[in-house]
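Colleague: Can you read through this structure? Questions will come right after.
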Amino acid sequence: MSTATNPTPQTAGEIVDEFLRLVMIPDPDAARRYTAPGLRIRFTGNRPMNDPADTTAFNKARYRWVKKRIERTETVARAAGASADDGDVVYSLGTLYGEWPDGTPFEGNRYVDRYVVKNGSIVQMDVWNDSAEWLLIRAGLAHP
């Protein structure tokens, strides 16, 4: 799939925002441009992955479709004396919206993603959200 891109991201936060824009289309091939070889992804439930296509496949199994409403992107400043090789830590915070596999819509599902960006590429991605809790409630196994 060919996807037009936004202006070239310059900062670690812009790299993460553009990566998320592409992965939510979903266009994992274009998103891969912002990742480093050896990418380490730890998805919800501590699932190890290593490619944006893995997250796309997981989301296809869990949701009919899903998107992120990014509320804010925060970059944590490197410690004094740290080099660029240590990378920048970027958090993306917001909510998910979409449809469950049965077509039931949802919104307001909180998420936090943590990225490490080194030399202009994402090297690590950790993903947390409330979907598992919401699914437990839908199944009658937990209470809101």
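The values are calculated or read from the model by the stated rules, or taken from the named source; none is laboratory data. As the structure is a prediction and not an experimental result, all values here were calculated from the model. Here the Cβ is made from the backbone with ideal geometry for all residues, glycine too, and neighbour counts use every protein chain on show. Please note that ligands, DNA and RNA were not included when accessible areas were found on the heavy atoms of the full protein model with its side chains. Shrake-Rupley method; radii C 1.70, N 1.55, O 1.52, S 1.80 Å.
Colleague: What is the gain in length, in nm to one decimal, between D126 and R62 on full extension, counting 0.36 nm per residue of separation less the C-alpha to C-alpha distance?
Modeller: 21.3 nm
Colleague: Determine the per residue accessible area of the stretch 16-132 with all protein chains present and a 1.4 angstrom probe, expressed in square angstrom.
Modeller: 50
Colleague: Local charge sum around T8 (other residues, Cβ-Cβ under 14 Å, Lys/Arg +1, Asp/Glu -1)?
Modeller: With Lys, Arg at +1 and Asp, Glu at -1, the net is -1.
Colleague: Moving on. In the chain, once you exclude exposed trypsin sites (Lys or Arg not before Pro) (DSSP loop, at most 16 other Cβ within 10 angstrom), what's the longest stretch remaining?
Modeller: That would be 79-144.
Colleague: Roughly how far apart, in whole Å, are the Cα centres of the stretch 1-78 and the stretch 98-144?
Modeller: Here the two parts' Cα centres lie 13 Å apart.
Colleague: Give the relative contact order (percent, whole number) for the chain; include only Cα pairs under 8 Å separated by 6+ residues.
Modeller: Averaging sequence separation for qualifying contacts and normalising by length gives 23 percent for the chain.
Colleague: Tally Lys and Arg at +1 and Asp and Glu at -1 over the other residues with C-beta under 12 Å from the C-beta of Y91: what net charge comes out?
Modeller: -4
Colleague: Tell me the net charge near M49. Cut-off is 10 Å between Cβ atoms, M49 excluded, with +1 for each Lys or Arg and -1 for each Asp or Glu.
Modeller: +1
Colleague: Which percent of the accessible area of the stretch 1-117 is formed by carbon and sulfur heavy atoms (probe 1.4 angstrom)?
Modeller: 50
Colleague: Where does helix 12-23 land angle-wise versus the long Cα axis of the chain, in degrees 0 to 90, nearest 10?
Modeller: The angle comes out at about 40 degrees.
Colleague: With +1 assigned to the C-beta of every Lys and Arg and -1 to the C-beta of every Asp and Glu, and no other charges, what is the dipole magnitude of the chain about the Cα centre in debye, to the nearest 20?
Modeller: 220
Colleague: Another question, if that's okay. For the stretch 21-127, what D do you get in µm² per second when you plug the Kirkwood radius from alpha-carbon pairs into Stokes-Einstein at 37 °C and 0.692 mPa s?
Modeller: Reported coefficient: 224 µm²/s.
Colleague: Then there is this: Compute the FRET efficiency between R110 and D51 as 1/(1 + (r/R0)^6), taking r as their Cβ-Cβ distance and R0 = 22 Å, and round to the nearest 0.05.
Modeller: About 0.30, to the nearest 0.05.
Colleague: Separate question: What value, in deg cm²/dmol to 500, does the helix sum -39500 (n - 2.57) over DSSP H runs of n ≥ 4 give at 222 nm once divided by the residues of the chain?
Modeller: When only DSSP H runs of four or more count, the value is -7000 deg cm²/dmol.
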